[in-house]
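Nothing in this text is a laboratory measurement; each read-out follows from the coordinates by a stated rule. Everything numeric in this text was worked out from a predicted model, so none of it was measured. Every residue, glycine as well, gets a Cβ built from its backbone with ideal geometry; the counts of neighbours run over all protein chains shown.
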């Protein structure tokens, strides 16, 4: 199995519903996103996927989140904008264009992350 990983980032604000603590208040993060794509065989060029293509597709999704109040994005009106749910949101959206996506990890700071994979 071959895997490639790219990283990107975005900034946004959110507050957690049903949480007792500081994070129930409006606050922001500079999120880091890691995307891993995997395939058993490489393409004709010897790649899992072109890094440029992966970065472009991830950028399209992150533009919808960047400098936004996540709680107002339609998906997160009902789904709590936790790191776990943000990772799943990105995964499900990129899976449409990149079927070989393996996982998405969202870092809310340098020591805390959440990963979604099927």
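State the number of residues belonging to the stretch 87-102 that are farther than 14 Å from residue 8 by Cα and touching a residue at least 12 places away in the same chain (Cβ under 8 Å).
Residues in the stretch 87-102 being farther than 14 Å from residue 8 by Cα and touching a residue at least 12 places away in the same chain (Cβ under 8 Å): 8 in total.
Mind counting the residues in the stretch 44-74 that are part of a loop (DSSP other than H, G, I, E, B), surrounded by 12 or more Cβ atoms within 10 Å (Cβ to Cβ) and out of contact with any strand residue (DSSP E or B) (no Cβ under 6 Å at 6 or more places or on another chain)?
The number of residues fulfilling the criteria is 4.
Look at residue 108 and say whether it is assigned to a helix (DSSP H, G or I) and surrounded by 14 or more Cβ atoms within 10 Å (Cβ to Cβ).
It is false that residue 108 is assigned to a helix (DSSP H, G or I) and surrounded by 14 or more Cβ atoms within 10 Å (Cβ to Cβ).
In contact with a helix residue (DSSP H, G or I) (Cβ under 7 Å, 6 or more places away or on another chain) and touching a residue at least 24 places away in the same chain (Cβ under 8 Å): is that true of residue 82 in this structure?
no
Please verify whether the stretch 25-33 includes one or more residues that are more than 18 Å from the chain's Cα centre (by Cα), in contact (Cβ under 8 Å) with a residue 60 or more places away in the chain, buried (at least 16 other Cβ atoms within 10 Å of the Cβ) and under 22 Å from residue 105 (Cβ atoms).
For the stretch 25-33, residues more than 18 Å from the chain's Cα centre (by Cα), in contact (Cβ under 8 Å) with a residue 60 or more places away in the chain, buried (at least 16 other Cβ atoms within 10 Å of the Cβ) and under 22 Å from residue 105 (Cβ atoms): absent.
Conditions: (1) farther than 18 Å from residue 108 by Cβ; (2) surrounded by fewer than 16 Cβ atoms within 10 Å (Cβ to Cβ). Residue 21 meets all but one. Number of the miss?
Only one criterion in (1) farther than 18 Å from residue 108 by Cβ; (2) surrounded by fewer than 16 Cβ atoms within 10 Å (Cβ to Cβ) is unmet by residue 21, namely (1).
For the stretch 81-104, what are the residues that are buried (at least 16 other Cβ atoms within 10 Å of the Cβ) and within 19 Å of residue 23 (Cβ to Cβ)?
Those that are buried (at least 16 other Cβ atoms within 10 Å of the Cβ) and within 19 Å of residue 23 (Cβ to Cβ): 81, 82, 83, 85, 86, 87, 88, 89.
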